[in-house]
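These notes are about the structure you will find just below.
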Amino acid sequence: MNNNKIKTNFSKYTDANLDVIAGTAVKNLTANANFTFNNGELTTLTAAATKYHNMLEALVNGGKAAVIQKNAARKDLQIALNTIALQVNIQANGDAIKLQSSGLPLATVPQHRIQQAPVNLQVVNGNGSNLEVSVNVSPVGDNGTVFAYTPVTNAVANPALWILQPTNGHSATIKGLTSGVEYKFSAAYKGNDKDDLVWAPVITKFAGS
């Protein structure tokens, strides 16, 4: 799934930067074949951007009244930018080239780390029938680990369908095991979603042995 998007919140920009963003968006979206605005979004944005630009210029010789008018125009412009940004995101459907053609700033989207299977999966005895599992830290960084375990009698091969124990670290205590029973273990580094799980080769260990 492509998660490229443009920003939809413009409240953090300075007055000057917002003026530039709005002007660039109007210029780039006018006659842009990638987008169609059937509800007057571009007309509204163009009017709001022009009004805001004029209010900024009026601040030079204006007083409190000019500031109030500028703030009102800024609010209207933010709404217009938000509205058209939502439409751009919907119509571009993650296409980075189309998004960039809008002239609107791209949002920072968490990037998926290309993970390999965890290295050095170990399972050792803990207290009683508990087992301690651990892996090395991912060399490319990770969001923690998902450990998976099941009795060896379970014929299901996919560790994602076993009992899962996620952790924000790289080790965990597996509790509630039956002493003398052999279990299969695997592990995967957490990515930004479950599709990123790449499982380590399975190892086995008897609980309480």
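Mind listing the phi-derived Karplus ³J(HN,Hα) values for the range 138-152, rounded to whole Hz, using 6.51, -1.76 and 1.60 with θ = phi - 60°, and x for any glycine or proline?
Whole-Hz 3J(HN,Hα) from phi for the range 138-152: 5, x, 9, x, 8, 9, x, 9, 10, 9, 10, 8, 6, x, 5.
Over the Cα atoms of the range 22-77, how large are the radius of gyration and the largest Cα-Cα distance (Dmax), in Å?
13.3, 42
Can you sort Thr50, Thr145, Thr204 by how many other beta carbons sit within 10 Å, fewest first?
Values: Thr50 15, Thr145 26, Thr204 12.
Ranked by crowding around the Cβ, least crowded first: Thr204, Thr50, Thr145.
Quick check on the exposure proxy: order Lys184, Lys27 from fewest to most C-beta atoms within 10 angstrom. Walk me through the numbers before you get to the answer.
Values: Lys184 20, Lys27 13.
Least to most surrounded, the residues fall as Lys27, Lys184.
Tell me, Kirkwood radius of the range 122-206 from alpha-carbon pair distances, in Å?
Computed over Cα pairs of the range 122-206, the Kirkwood hydrodynamic radius comes out at 13.0 Å.
Relative contact order for the range 39-160: what is it in percent, counting Cα pairs under 8 Å that are at least 6 residues apart?
Normalised by residue count, the contact order of the range 39-160 is 15 percent.
Exactly which trypsin sites (Lys or Arg not before Pro) in the range 33-137 are in a DSSP loop and have at most 14 other Cβ atoms within 10 Å?
none
Give the relative contact order (percent, whole number) for the chain; include only Cα pairs under 8 Å separated by 6+ residues.
Computed value for the chain: 21 percent relative contact order.
Per-residue ellipticity at 222 nm for the chain, helices alone: DSSP H runs ≥ 4 residues times -39500 (n - 2.57), over residue total, nearest 500 deg cm²/dmol?
Taken over the chain, the calculation gives -11000 deg cm²/dmol.
Counting other C-beta atoms within 10 Å, which of Tyr183, Tyr13, Tyr149 has the fewest, and how do the rest follow?
The order, fewest Cβ neighbours first, is Tyr13, Tyr183, Tyr149.
Would you mind checking which residues have amide H under 5 Å from Lys5's amide H? H placed 1.01 Å from N; only 5 or more apart, or other chain.
Amide H to amide H, under 5 Å and 5 or more residues apart or across chains, Lys5 pairs with Ala107.
Among Leu86, Ser186, Gly23, whose Cα lies farthest out toward the positive end of the dipole of the chain, if unit charges sit on the beta carbon of Lys, Arg (+1) and Asp, Glu (-1)?
So the residue furthest toward the plus end is Gly23.
May I ask for the net charge around Lys205, where only other residues with Cβ less than 11 Å from the Cβ of Lys205 are counted and Lys, Arg are +1 while Asp, Glu are -1?
On the way: positive: Lys184; negative: Glu132, Glu182.
Around Lys205, the surrounding residues sum to -1.
Size of the dipole of the chain about the Cα centre, Lys and Arg at +1 and Asp and Glu at -1 on the beta carbon, nothing else charged, in debye to 20?
360 debye
To the nearest µm²/s, what D does Stokes-Einstein give for the chain at 4 °C and 1.567 mPa s, using the Kirkwood radius over alpha carbon pairs as Rh? Walk me through the intermediate numbers first.
Details: Rh = 21.3 Å.
Result for D is 61 µm²/s.
Laboratory data are not the source of any read-out in this text; all were calculated from the coordinates shown. Owing to the predicted nature of the structure, the values given are computational and were not obtained by experimental measurement. Note that each Cβ is placed from the backbone with ideal geometry, even for glycine, and that neighbours are counted across all protein chains shown.
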